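Since the structure comes first, as structure tokens, the remarks are kept for the end.
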Amino acid sequence: MASDPKVHPFEEVAKHNKTKDCWLVISGKVYDVTPFMEDHPGGDEVLLAATGKDATNDFEDVGHSDSAREMMDKYYIGEIEPSTVPLRKVYIPPQQTQYNPDKTAEFVIKILQILVPIFILGLAFAVRHYTKNE
């Protein structure tokens, strides 16, 4: 690693998000992995998906070997400026409607949706039957 690492703002690192120019942020360090794109066992799509964000969790979740971690040293180009890294978004679940144990109104509507057409049909048959010419 370099003795005096360069500090990169996050906006600069995020611009390097292509196959021919790919930088990653892992554990606060910036790596130029462009030369490794073709050799990465997971393919270049995996590396490209980790650009533009802090890829630490992506890297750790895979469970890389010690040799893979040692290999990172040759791609190290500096540190990330911590104040420029965007905060992680906190997931807020959508509001759910409260459960209504009293569903009598809905039940009555469903019953009426069935009974009213049957009543109209019966009324139509009754009118036809009594007004029919014999």
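The values are calculated or read from the model by the stated rules, or taken from the named source; none is laboratory data. None of these values were measured; they are calculated from a predicted model. Remember, those area values only see protein heavy atoms, side chains included, never the ligands or the DNA or RNA. Shrake-Rupley method; radii C 1.70, N 1.55, O 1.52, S 1.80 Å.
Worth pointing out:
- Taking 0.36 nm per residue of separation and subtracting the Cα-Cα distance, full extension of the segment from Leu48 to Thr104 would add 14.7 nm.
- 0 to 90° range, to nearest 10: angle between helix 104-131 axis and the chain longest Cα axis: 40
- Computed P(r) (all Cα pairs; the chain; 10 Å bins; percent): 10, 27, 16, 6, 5, 9, 10, 8, 6, 2, 0, 0
- Whole-percent carbon and sulfur share, accessible surface of the chain, 1.4 Å: 59
- Using the 1.4 Å probe convention, the accessible area of the chain works out to 80 Å² per residue with neighbouring protein chains retained.
- Gain on full stretching of the segment that runs from Leu121 to Glu38 - 0.36 nm per residue minus C-alpha separation: 22.6 nm
- Springs between Cα atoms under 10 Å define the GNM used for the chain, and in it the highest mean-square fluctuation of Pro82, Pro94, Pro117 occurs at Pro117.
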